[in-house]
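As structure tokens, the structure follows; a few thoughts come after it.
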Amino acid sequence: MTWFLALESSTSRKHTSIHIKLDNYIPFNEWFVIPYLLWFAYVAITVVYFLFKSKEEFYSYTAFLFVGMTICLIIYTLWPNMQNLRPDLSSLGKDNILIRLISNIYAADTPTNVCPSIHAYNSIGTHIAISKNSKLGSNKLIKFSSFVLCVSICLSTMFIKQHSAFDTLCSIALAI
């Protein structure tokens with residue numbers, strides 16, 4: 001966390017702006033803040049579940065998360081990147097709880113160190129861990145719900161303009 005915060009607070013580094021044509025076709029949609037925020041519970045509940053149910057799967061899952069996040073930090077260090085996709089929320093003509101939540105996210109999380117997306121990477125890893133677990137993975141409802149949440153979280157990073165589609169594609173490549 002210290003490493004990430006140091007990168008986030010660095011203002012002297014030159015950043016590469018991440019943008020692909022697909023980003024132009026993805027509209028801002030504040031409803032996607034819901035799956036974006038569910039990410040925290042999705043990952044945390046899965047960590048706690050494996051901690052108590054299977055030490056071996058707990059170590060495998062958390063190793064996946066830690067190794068992937070470390071690779072992301074190395075990438076952010078060697079290739080500082082950012083995105084300029086965020087809309088001016090005050091110009092949208094909307095003021096609701098979802099817009100205010102996104103405003104708080106924007107205030108807390110700079111648009112730097114975005115590629116690959118840790119949100120997307122951890123979501124994919126969480127779904128993989130759930131799918132591979134003999135109990136959770138054999139329950140069709142849990143497995144399907146996990147898949148829907150994973151995809152929704154990955155999409156949310158683009159629809160609330162936290163990430164470029166390129167960031168999410170890079171996360172998929174890193175995760176598989």
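The values are calculated or read from the model by the stated rules, or taken from the named source; none is laboratory data. Worth saying up front: this structure is predicted, and the values here are computed from it rather than measured. Here Cβ is always computed from backbone atoms with ideal geometry, including for glycine, and neighbour counts include all displayed protein chains.
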**Request:** Give the residue, chosen from 128, 99, that is touching a helix residue (DSSP H, G or I) at 6+ places or on another chain (Cβ under 6 Å), touching a residue at least 40 places away in the same chain (Cβ under 8 Å), surrounded by fewer than 21 Cβ atoms within 10 Å (Cβ to Cβ) and assigned to a helix (DSSP H, G or I).
**Result:** 99
**Prompt:** Listed residues 94, 135; which is surrounded by fewer than 18 Cβ atoms within 10 Å (Cβ to Cβ), over 19 Å from residue 37 (Cα atoms) and either touching a Ser or Thr at 6+ places or on another chain (Cβ under 8 Å) or modelled with pLDDT under 95 (or both)?
**Reply:** 94
**Request:** Out of 122, 104, 84, report the one residue that is assigned to a helix (DSSP H, G or I) and surrounded by fewer than 13 Cβ atoms within 10 Å (Cβ to Cβ).
**Result:** 104
**Asked** In the stretch 63-79, how many are closer than 27 Å to residue 128 by Cα, aromatic (Phe, Trp, Tyr) and in contact (Cβ under 8 Å) with a residue 40 or more places away in the chain?
**Response** 2
**Message:** For the stretch 112-121, check the following and say yes or no: at least one residue is out of contact with any Asp or Glu (no Cβ under 9 Å at 6 or more places or on another chain), more than 30 Å from residue 57 (Cα to Cα) and at pLDDT below 95.
**Reply:** no
**Item:** Residue list for the stretch 141-171, restricted to those being farther than 15 Å from residue 38 by Cβ and either within 11 Å of the chain's Cα centre (by Cα) or of a type in the set (Gly, Ala, Ser) (or both)
**Value:** 158, 163, 164, 165, 167, 168, 171
**Item:** From 3, 31, 39, residue being among the hydrophobic types (A, V, I, L, M, F, W, C) and at pLDDT below 95
**Value:** 3
**Request:** Taking only the stretch 143-176 into account, find how many residues are part of a loop (DSSP other than H, G, I, E, B), of a type in the set (Val, Ile, Thr) and touching a residue at least 60 places away in the same chain (Cβ under 8 Å).
**Result:** 1
**Asked** Of everything in the stretch 25-72 that's in a helix (DSSP H, G or I) and of a type in the set (Gly, Ala, Ser), which residue is farthest from the chain's Cα centre (by Cα)?
**Response** 60
**Asked** Taking the stretch 107-119 on its own, how many of its residues are hydrophobic (A, V, I, L, M, F, W, C) and surrounded by 15 or more Cβ atoms within 10 Å (Cβ to Cβ)?
**Response** 3
**Complete:** In the stretch 23-43, anything closer than 20 Å to residue 88 by Cα and of a type outside the set (S, T, N, Q) is listed as 23, 25, 26, 27, 28, 30, 31, 32, 33, 34, 36
**Asked** Is there a residue being closer than 27 Å to residue 129 by Cβ, over 21 Å from the mean Cα position of the chain (by Cα) and of a type in the set (D, E, K, R) anywhere in the stretch 80-100?
**Response** no
